[in-house]
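Peer 1: This structure is in structure tokens; I'll ask about it shortly.
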Amino acid sequence: MTIVINNPFANSNNNTATAAKVVTHSGVFHADDVVAVAILALVWGRVEVTRTRDRAVLESAVADPSIIVV
């Protein structure tokens, strides 16, 4: 599942057309994941979050330096 979060109050100096890509595990709610994504939304303004347990997706995200793994 992929969710896109837009923060209208983000720093206007950031390029909000480009979303920060974040991958995290799906399943049980963890507050630390929510806080991390909220902070990224404050900084980037636009965050694309993918929640998955697919091992291949997680491993490719870890290998890609442009993706933030939470």
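Peer 1: Going by average Cβ density within 10 Å per residue, which order do the peptides 26-36, 41-51, 57-67 take, highest to lowest? Provide the component values of the computation, followed by the final result.
Peer 2: Working: 26-36: 10.5, 41-51: 18.5, 57-67: 12.1.
Result, highest mean Cβ count within 10 Å first: 41-51, 57-67, 26-36.
Peer 1: Follow-up. If we count every other residue with Cβ under 11 angstrom of Ser26's Cβ, Lys/Arg +1 and Asp/Glu -1, where does the sum land?
Peer 2: Here the count lands on 0.
Peer 1: Percent of Cα-Cα pairs more than 14 Å apart in segment 22-64, please.
Peer 2: The calculated P(r) of segment 22-64 puts 51 percent of pairs beyond 14 Å.
Here, each number is a calculation from the coordinates, and none is a lab measurement. Since this is a predicted model, take the numbers as computed values, not measurements. Here Cβ is always computed from backbone atoms with ideal geometry, including for glycine, and neighbour counts include all displayed protein chains.
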